[in-house]
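What follows is a set of notes on a single structure, which appears directly below.
Taken together, the values in this text are just the output of simple stated rules run on the coordinates, not laboratory data. Just so we're clear, the structure is a prediction, and the values are computed from it rather than from any experiment. Here the Cβ positions follow ideal geometry from the backbone for every residue, glycine too, while neighbour counts run over all protein chains shown.
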Amino acid sequence: MKIWKVILATIVIFVAGAFAGGLLVKRLTPPPPPPVPPMFSQQRFQEKLKKELQLTADQTNRVDKVFTESNARIKIIWDLLGPEMQKERKETYENIRAILAPEQREKFEQLLKQPHRPDGQRRGPRGGANLTNSASSSGK
């Protein structure tokens, strides 16, 4: 009878440790990065095309021209949508701040200051102002 108690205690300890380890891993695992803005993924795709398709010099020039024209159209779209996106982000952050306790707000502000992408880039494709900082600078 005594041996079963030892075995049961060992199993309980093992399961509790596995559960705690699972929670710890889940808590410490960073969330996936947000989607890359179109221009950044476009630049990577452009470079990949040049390397993997072994484009001729003429093809490279023509592909570069296509991407340059596309980037100009994307810039126009960002110029139109950027202010609305900033407004939406600012409103979202204000709504989150209203939910949080004072200590949580402090930590939230610190989180907003951290880079959101692995490469540290936080600008939109048009090279404009940092949307995160402009949204969090409202002073609340």
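Given a cut-off of 27 Å, name the pairs among Lys48/Lys75; Lys50/Lys113; Lys65/Lys113; Lys75/Lys113 whose C-alpha atoms lie farther apart than that in the structure shown. All intermediate terms of the calculation are to be shown ahead of the outcome.
Details: Lys48/Lys75 22 Å; Lys50/Lys113 36 Å; Lys65/Lys113 36 Å; Lys75/Lys113 25 Å.
Listed pairs above 27 Å: Lys50/Lys113; Lys65/Lys113.
In nm, give the distance between the simple-model label positions of Glu109 and Ile77, each being 7 Å from the Cα along the Cα-to-Cβ direction.
That separation, rounded to one decimal, is 3.6 nm.
Length gain on complete extension for the stretch Asn95 to Lys2, per 0.36 nm per residue less the alpha carbon to alpha carbon distance?
Details: separation 93, 0.36 × 93 = 33.48 nm, distance 5.81 nm.
Full extension of this stretch gives 27.7 nm more.
Between Arg62 and Val15, 0.36 nm times their residue separation minus their Cα-Cα distance comes to what? Present the calculation step by step, with values, prior to reporting the outcome.
On the way: separation 47, 0.36 × 47 = 16.92 nm, distance 6.12 nm.
Taking Arg62 through Val15 to full extension adds about 10.8 nm, to one decimal.
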